């Protein structure tokens with residue numbers, strides 16, 4: 001059965017409801033191998049744009065997928081499995097299969113999407129780290145795309161705050177893109193988070209994959225915060241998905257300036273609430289804060305000794321990021 005699931009998952013010209021229908025009617029590999037393009041058109045009741053359908057090749061690729069997943073210890077969950085994220089069943093075109101490494105989150109606890117530009121201002125990068133950190137101290141995991149900039153900072157902050165962050169890939173589940181963020185990916189797994197994606201092993205990081213994966217990012221989240229986004233940013237696609245899916249949408253107060261903040265400003269003008277910290281999000285969700293954090297000045301700017309700061313940092317009470325310190329309270 002896994003090989004058949006993987007083969008149907010690779011039929012890229014079908015949406016998930018159509019793949020489920022195909023699976024219900026074609027429940028053996030022999031039947032799948034006998035299929036023609038005309039048969040599929042009859043099943044899904046529409047004309048297909050795909051130029052070719054090669055079931056033998058798809059099944060061979062599926063067997064390779066299974067071998068790679070087994071060898072690398074990568075798991076998957078099917079749309080009808082009990083382990084499948086219930087939030088994703090609510091969205092339009094949920095993934096047929098979700099591949100993952102690490103531990104899928106506890107979906108009784110809300111997740112917060114944090115997204116933005118790959119080339120943020122320093123202020124916005126620090127705001128993203130701080131937001132992820134605050135959410136982590138409250139036991140809220142951050143969902144983001146493991147991209148450079150805002151995504152990476154949000155993941156790092158959430159890990160530092162004790163959260164279990166989730167990275168949604170726009171490439172095959174067996175490698176990390178961009179490779180510069182491999183260290184973050186390792187720490188996500190070491191701290192109980194997850195790396196997930198719908199693309200099978202070996203799938204390249206193609207341009208159109210990233211807008212597609214954004215629907216999963218927002219779908220997993222109770223709400224999405226756009227920290228900083230220029231016009232035409234992929235983060236704005238995630239914002240659109242969030243609104244279509246009935247998720248909360250927020251913009252960060254530190255992401256409004258200059259060309260980098262054009263998209264953020266537009267979202268605010270269209271009605272997205274502005275938040276300054278995680279407490280604003282939690283208050284909107286009706287969640288009482290458990291811990292929290294506060295930003296503190298650098299040692300040379302006040303009377304706190306460097307030795308005490310170092311002691312607190314080693315004890316995990318203080319986290320340093322790009323010259324700023326964040327203390328749990």
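Read-outs throughout are calculated quantities, based only on the coordinates presented, and are distinct from any laboratory measurement. Bear in mind that the values here come from a model prediction, so they are computed numbers and not experimental data. Every residue, glycine among them, receives a Cβ derived from its backbone with ideal geometry; neighbour counts consider all protein chains shown.
Estimated from the Cβ-Cβ distance and a Förster radius of 30 angstrom, the FRET efficiency linking residue 30 and residue 189 is about 0.20.
For the chain, the longest principal axis of the alpha carbon atoms and the long axis of helix 16-25 meet at an angle near 40°. Result for the chain in a Gaussian network model with C-alpha springs under 10 Å: among 21, 267, 189, the largest mean-square fluctuation is at 21. When the chain is treated as a Gaussian network with alpha carbon springs shorter than 10 Å, the biggest mean-square fluctuation among 145, 261, 73 belongs to 73.
Taking a ≥ b ≥ c as the square roots of the eigenvalues of the Cα gyration tensor of the chain, is the shape rounded (a/c under 1.5), prolate (a/b larger than b/c) or oblate? Since a/c reaches 1.5 and a/b is larger than b/c, the shape of the chain is classed as prolate.
Sorted ascending by nearby beta carbons within 10 Å, beginning with the fewest, 232, 209, 252 become 232, 209, 252. Stretching the chain fully between residue 265 and residue 20 yields a gain of 84.1 nm (0.36 nm per residue, less the alpha carbon separation).
Highest mean packing first, where packing is the average number of other Cβ atoms within 10 Å per residue, the peptides 105-114, 192-201 line up as 192-201, 105-114. Under the classification rounded if a/c is under 1.5, otherwise prolate if a/b is larger than b/c and oblate if not, where does segment 2-73 fall, given a ≥ b ≥ c as square roots of the Cα gyration tensor eigenvalues? Prolate, since a/c reaches 1.5 and a/b exceeds b/c. DSSP bridge analysis restricted to the chain gives an antiparallel fraction near 45%, rounded to the nearest 5. With R₀ set to 22 Å, the beta-carbon distance separating residue 64 from residue 43 gives a calculated FRET efficiency near 0.30.
For the chain, the longest principal axis of the C-alpha atoms and the axis of helix 122-137 are separated by about 80°. What whole-number distance in Å separates the alpha-carbon centres of segment 228-252 and segment 120-189? Between the Cα centres of segment 228-252 and segment 120-189 lies a distance of 17 Å. Against the chain, whose longest principal axis comes from its Cα atoms, helix 209-220 is set at around 70 degrees.
By definition, a body whose alpha carbon gyration tensor gives a ≥ b ≥ c is oblate when a/c is 1.5 or more and a/b is not larger than b/c, and segment 151-231 fits this oblate description. Comparing mean-square fluctuations of 60, 153, 276 from a GNM of the chain with C-alpha springs under 10 Å, the top value falls on 60.
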